[in-house]
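Visitor: Encoded as structure tokens, here's the structure I'll be asking about.
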Amino acid sequence: MLMSWVIWISILLIFTVGGFSFINWRLINTMGWPILWKNVARILLALMFVVPLSSMFMLRYIEGVSHKLAWITYVTLGFLSFVFTLLIIRDLTVILGITAKWLASLFSSEGSNVVDTSRRDFLIQTSNLGILGAAGILTAYGVYQARRKPGIVNLTIPIKNLPADFEGFRIVQITDIHAGLTVKRDWTEIVAQQVSELKPDLIAFTGDLADGSVPHLREHVEPFAFLNAPYGKFFVTGNHEYYSDVLPWVEEIGRMGYKVLNNEHAIVERNGSSLVLAGVTDYSGGDFLPEHKSDPRKAVDGAPADTVKILLAHQPRSLHAAEPLGFDFIITGHTHGGQFFPWNWLAAIGQPYIKGLHRHNGTWVYVSMGTGYWGPPVRLGTRSEITLFTLTADQQTA
């Protein structure tokens with residue numbers, strides 16, 4: 001657990017120091033402002049980095065901090081991320097242009113052109129203003145996308161040797177709600193209503209319900225307790241359950257009517273036929289509690305042989321340990337589909353897949369883009385989703 005926190009704190013420090021230094025260097029320093037204005041801008045920039053990141057810990061450990069503060073700090077982080085990214089794109093474009101001109105000059109007899117410094121400075125300052133404007137627009141649109149009602153993704157999953165009694169069996173997946181900072185009861189009520197309207201046979205919740213303590217967030221996750229499905233509601237832990245004291249959350253989620261599958265399985269029976277629904281603790285669970293080390297093999301220990309097996313896992317990387325066990329279908333979340341650029345690159349680290357449905361050595365693997373969001377309330381090209389899986393017999397192998 002200590003190592004996990006060291007890694008996270010290191011990433012945050014790199015982001016803070018590196019982000020401040022780069023934006024100061026490539027944006028503030030290049031503006032044609034008096035030194036006083038530049039110093040004021042540097043102070044504001046420092047606050048824009050430090051306040052959100054310090055608030056990240058305040059909001060987690062000093063619960064009850066203003067909801068408005070959470071929104072201001074996390075939207076600010078999204079804005080700074082876009083500024084940083086657009087500055088890099090601008091500078092790379094300039095470097096490529098300079099390189100192209102230099103290469104052209106090698107084959108030209110006209111000699112090098114004189115650089116018009118005043119024109120260059122004007123273009124830099126104009127592009128700086130353009131970047132700030134574009135970052136503002138992207139942030140606003142990203143907030144709109146993140147706060148939209150989740151889309152419903154309908155997928156039909158062909159399963160080899162699926163019992164006829166399970167033809168058309170409907171599983172709804174919800175995942176990565178992250179109730180707590182900017183996700184409150186108004187949002188969870190919308191999601192719960194959408195799930196209820198789908199009338200699923202079974203509900204699969206693949207982790208990261210909340211960011212904070214049970215007493216503080218019980219009211220905000222309560223709508224999920226009212227959901228019903230004839231063949232049960234099942235839950236597996238995500239990494240954020242461990243950040244928020246996993247054992248009270250496991251108890252609370254059980255009280256909400258979910259069967260928490262901690263490296264175990266349940267037999268789902270329908271008209272005399274059955275399938276195995278297994279679940280593993282989060283891939284990182286063992287770093288927090290040794291008894292919560294993720295173990296797909298243990299999850300199916302004692303399960304009937306030659307039975308369709310479905311695995312619920314928070315992280316796609318659980319696929320590696322599960323692969324030899326012959327699961328027909330693995331349902332995961334965690335990545336948020338990357339949520340927005342450039343964090344999709346970080347989300348992909350160590351994960352075999354970042355979003356969507358994949359066929360992996362005979363096993364169907366699905367990675368949800370998440371029903372909520374985490375950190376900045378921003379999404380671009382990765383709309384929140386509720387996923388409805390309909391099981392059908394694989395006619396090619398029937």
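The values are calculated or read from the model by the stated rules, or taken from the named source; none is laboratory data. Everything quoted here is computed from the prediction, not taken from an experiment. Using ideal geometry, Cβ is built from the backbone for each residue, glycine included, and neighbour counts are taken over all protein chains shown. With ligands, DNA and RNA removed, areas are computed over all heavy atoms of the protein, side chains included. Shrake-Rupley method; radii C 1.70, N 1.55, O 1.52, S 1.80 Å.
Visitor: Is it true that some residue in region 319-341 is touching an Asp or Glu at 6+ places or on another chain (Cβ under 7 Å), closer than 22 Å to residue 159 by Cα and modelled with pLDDT of 95 or more?
Guide: yes
Visitor: Next up: Restricting the search to region 238-264, which residues are at negative phi, at pLDDT 95 or above and small (Gly, Ala, Ser)?
Guide: Hits for region 238-264 are 238, 254.
Visitor: Which members of region 209-266 meet the condition of being part of a helix (DSSP H, G or I), out of contact with any Gly (no Cβ under 8 Å at 6 or more places or on another chain) and of a type in the set (A, V, I, L, M, F, W, C)?
Guide: 214, 221, 224, 226, 247, 249, 250, 253
Visitor: Consider region 356-371. How many of its residues are buried (at least 17 other Cβ atoms within 10 Å of the Cβ) and either in a strand (DSSP E or B) or on the phi > 0 side of the Ramachandran plot (or both)?
Guide: 6
Conditions tested, residue by residue: (1) modelled with pLDDT of 80 or more; (2) open to solvent by less than 70 Å² (accessible area, probe 1.4 Å); (3) within 19 Å of the chain's Cα centre (by Cα).
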{"residue": "67", "(1), (2), (3)": "no, no, no"}
{"residue": "80", "(1), (2), (3)": "yes, yes, yes"}
{"residue": "92", "(1), (2), (3)": "yes, no, no"}
{"residue": "95", "(1), (2), (3)": "yes, no, no"}
{"residue": "100", "(1), (2), (3)": "no, yes, no"}
{"residue": "105", "(1), (2), (3)": "no, yes, no"}
{"residue": "108", "(1), (2), (3)": "no, yes, no"}
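Visitor: For region 264-281, enumerate the residues that are of a type outside the set (A, V, I, L, M), open to solvent by 10 Å² or more (accessible area, probe 1.4 Å) and in contact with a strand residue (DSSP E or B) (Cβ under 9 Å, 6 or more places away or on another chain).
Guide: Passing the criteria: 264, 265, 269, 274.
Visitor: Identify the residue in region 301-354 that is among the acidic types (Asp, Glu) and surrounded by fewer than 15 Cβ atoms within 10 Å (Cβ to Cβ) and, among all such residues, is nearest to residue 260 (Cα to Cα).
Guide: 301
Visitor: Pairs only if they're at least six apart or on different chains, beta carbon under 7 angstrom, first in region 19-48 and in a helix (DSSP H, G or I), second of a type in the set (Phe, Trp, Tyr); list them, first residue then second.
Guide: 19/49; 19/84; 20/49; 22/84; 23/84; 45/20; 46/20
Visitor: Same structure again: Which condition from (1) out of contact with any strand residue (DSSP E or B) (no Cβ under 8 Å at 6 or more places or on another chain); (2) open to solvent by less than 40 Å² (accessible area, probe 1.4 Å); (3) farther than 30 Å from residue 142 by Cα; (4) assigned to a loop (DSSP other than H, G, I, E, B) is the one that residue 286 breaks?
Guide: (4)
Visitor: Could you tell me whether residue 157 is assigned to a strand (DSSP E or B), open to solvent by less than 20 Å² (accessible area, probe 1.4 Å) and at pLDDT 95 or above?
Guide: Yes; evaluated as a whole, the condition is true for this residue.
Visitor: Does region 21-39 hold any residues that are of a type in the set (Phe, Trp, Tyr) and either modelled with pLDDT under 85 or open to solvent by 60 Å² or more (accessible area, probe 1.4 Å) (or both), and which are they?
Guide: Within region 21-39, 25, 33, 37 meet the criteria.
Visitor: Could you pull out the residue among 165, 176 that is over 23 Å from residue 258 (Cβ atoms) and of a type outside the set (Lys, Arg)?
Guide: 165
Visitor: I'd like to verify a number: residues in region 139-154 that are of a type outside the set (A, V, I, L, M, F, W, C), surrounded by fewer than 19 Cβ atoms within 10 Å (Cβ to Cβ) and not in a helix (DSSP H, G or I), how many?
Guide: Adding up the residues that qualify gives 4.
Visitor: Can you run down the residue pairs with Cβ atoms below 7 Å, 6 or more apart or on separate chains, where the first is in region 257-273 and under 28 Å from residue 238 (Cβ atoms) and β-branched (Val, Ile, Thr) and the partner is open to solvent by less than 20 Å² (accessible area, probe 1.4 Å) and part of a strand (DSSP E or B)?
Guide: The qualifying pairs are 260/235; 267/276; 268/202; 268/275; 268/277.
Visitor: A further question follows. Restricting to region 375-398, and then to whatever is of a type outside the set (S, T, N, Q), under 17 Å from residue 173 (Cβ atoms) and under 21 Å from the mean Cα position of the chain (by Cα), can you tell me which residue is most open to solvent (accessible area, probe 1.4 Å)?
Guide: Top of the filtered list is 383.
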